[in-house]
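Report on the structure given below.
The values are calculated or read from the model by the stated rules, or taken from the named source; none is laboratory data. Everything numeric in this text was worked out from a predicted model, so none of it was measured. Glycine gets a Cβ as well: all are built from the backbone with ideal geometry, and neighbour counts include every protein chain shown.
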Amino acid sequence: MPTEIPDDLQRFILVSIPSIPFLEAMLLLRAERQQEWTATQLAGRLYMPEKAAGQLLDELQHAGILATDAPGAFRYAPRTPDLTDLIDRLATVYATNLIDVTHLVHARTAKKALRFADAFKWRKDS
């Protein structure tokens, strides 16, 4: 039975999760938090090009979700306890409500695309 997505998690998804690969990488690294990850390893697990995996790792580090002790090696280490709690709760909700979480992530992407497209619309007063 799908679980309702609490408002704070909906905000977190809409504000902080830019894509499904970002979400999947974040949750994978959370699940295997004892391991250090390289772009090659992440690429193999998520079936994506190594360059894209490296970009995801950089984005996750920039977002305060990963830390690095050596160049190119990342580990799960959310910056704050509140962020850890949000990610833990998101993992639980995602496991029981994958479709609604995915729709929220895509809704964020669709809104960005619409705003971008709107910038190119011809205006009557232009």
Query raised in the report: What helices (runs of 4 or more DSSP H) lie completely within segment 1-84 and have 3 or more residues being touching a Phe, Trp or Tyr at 6+ places or on another chain (Cβ under 8 Å)?
Result: 20-31, 50-62
Query raised in the report: If D88 passes every condition in (1) part of a strand (DSSP E or B); (2) out of contact with any strand residue (DSSP E or B) (no Cβ under 6 Å at 6 or more places or on another chain); (3) within 13 Å of R30 (Cα to Cα) but one, which one does it miss?
Result: (1)
Report summary line: Residue pairs qualifying under the 9 Å Cβ cut-off, at least six apart or on distinct chains, with the first in segment 92-105 being surrounded by 12 or more Cβ atoms within 10 Å (Cβ to Cβ) and the second being acidic (D, E) and not in a loop (DSSP other than H, G, I, E, B), are V93/D100
Query - Residues of segment 72-126 satisfying the condition of being at pLDDT 95 or above, more than 17 Å from L9 (Cα to Cα) and out of contact with any Asp or Glu (no Cβ under 7 Å at 6 or more places or on another chain) - result: Y76, A77, R79
Requested in this report: Tell me which residues, restricted to segment 59-73, are without any contact (Cβ under 8 Å) to a residue 40 or more places away in the chain, crowded, with 16+ Cβ neighbours inside 10 Å and in contact with a Pro (Cβ under 9 Å, 6 or more places away or on another chain).
Outcome: I65, L66
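Can you name every residue in segment 1-51 that is of a type in the set (G, A, S) and surrounded by fewer than 14 Cβ atoms within 10 Å (Cβ to Cβ)? Write out each step before concluding.
Narrowing segment 1-51 to residues of a type in the set (G, A, S): 16, 19, 25, 31, 39, 43-44.
Listed by number, the residues that qualify are A31, G44.
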